[in-house]
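Since the structure comes first, as structure tokens, the remarks are kept for the end.
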Amino acid sequence: MYDNWEDLEKSIIGCKKCKLFTNRNNIVFGTGDKQSDIMLIGEGPGADEDLQAIPFVGKAGKLMNMAFDALNIKRDKVYIANIVKCRPPANRNPENDEAQACLDYLRNQVLLVKPKIIVLLGNVALKNILGKEYGITAARGKWVEKKGIWYMPTWHPAALLRDDNKKIDFWKDLKEVKNKAKDMNIGGD
Ligand code: URA
């Protein structure tokens, strides 16, 4: 583990810890406020993210931005990262060995950001962070506290593109995050 961003970011350059390096254009490390109290964790880059090296800039990201705007959450005031930093082919879910190979980078990001709240975007983030016993359908919208960090599991934004009802849940869950941040007297807007 690195105690500073510079060394951590240097350590991932040219990463070949898993097979996802073979097809990538860019490593998508993370974006936003590196000292934010609120962090969001997605699954892995898609095609747009792979080209731009920024998480959540494609269709799903645009939808997430709309929710942020509606709730007055400033995207540059939160920190956003993914379970895997390289795009899985054809946007398939990251395989277990890929997630395991990549998770230390994310653990190190969490260590450096020191968020008080982490929003888990979808099942892949949920299972890799809180454990395989969790499932997004049952867990979403319910706070889990672990080692002083409050976790809010919610739908992955791509799921909202396929099901309008999930949009309502997603908005509700982010509103919960806003409210909790307010109660805790911490940032995000
Ligand atoms: N989906 C994710 O999980 N992460 C991104 O960065 C983009 C789409």
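3J(HN,Hα) couplings calculated from phi for the range 86-97 with the Karplus curve 6.51 cos²θ - 1.76 cosθ + 1.60 (θ = phi - 60°) are, in sequence order, 10, 5, x, x, 6, 6, 5, 5, x, 7, 4, 5 Hz; Gly and Pro show x. By the beta-carbon count within 10 Å of each Cβ, the least crowded to most crowded order of Y79, Y134, fewest first, is Y134, Y79. For the chain, a Gaussian network of Cα nodes joined below 10 Å ranks E95, E133, E49 by mean-square fluctuation, and the top entry is E133. Equivalent ellipsoid of the range 1-106: semi-axes from √(5λ) of the C-alpha gyration tensor, largest first, are 22, 18, 11 Å. Ordering W150, W5, W155, W143 by the number of other Cβ atoms within 10 Å of each residue's own Cβ, fewest first, gives W143, W5, W150, W155.
Counting other Cβ atoms within 10 Å as a rough exposure proxy, the listed residues T31, T154 run T31, T154 from fewest neighbours to most. Computed from backbone phi, the HN-Hα couplings of the range 7-14 come to 5, 5, 5, 5, 5, 8, 4, x Hz, rounded to whole numbers (Karplus: 6.51 cos²θ - 1.76 cosθ + 1.60, θ = phi - 60°; Gly and Pro given as x). In the elastic network of the chain, a GNM with C-alpha springs shorter than 10 Å, the most mobile of I168, I80, I129 is I168. Of all DSSP-defined beta bridges confined to the chain, some 30% are antiparallel rather than parallel.
Magnitude of the charge dipole for the range 85-189, about its Cα centre and with charges confined to Cβ atoms of Lys, Arg (+1) and Asp, Glu (-1), is about 220 debye. Comparing K77, K178, K147 in a Gaussian network model of the chain (Cα springs below 10 Å), the most mobile by mean-square fluctuation is K147. The dipole here belongs to the chain: it is taken about the Cα centre, uses +1 on the Cβ of Lys and Arg and -1 on the Cβ of Asp and Glu, and is about 260 debye.
Since every read-out is calculated from the coordinates, none of them should be taken as a lab result. As the structure is a prediction and not an experimental result, all values here were calculated from the model. With ideal geometry, Cβ positions are generated from the backbone for all residues, glycine too; neighbour counts draw on all protein chains shown.
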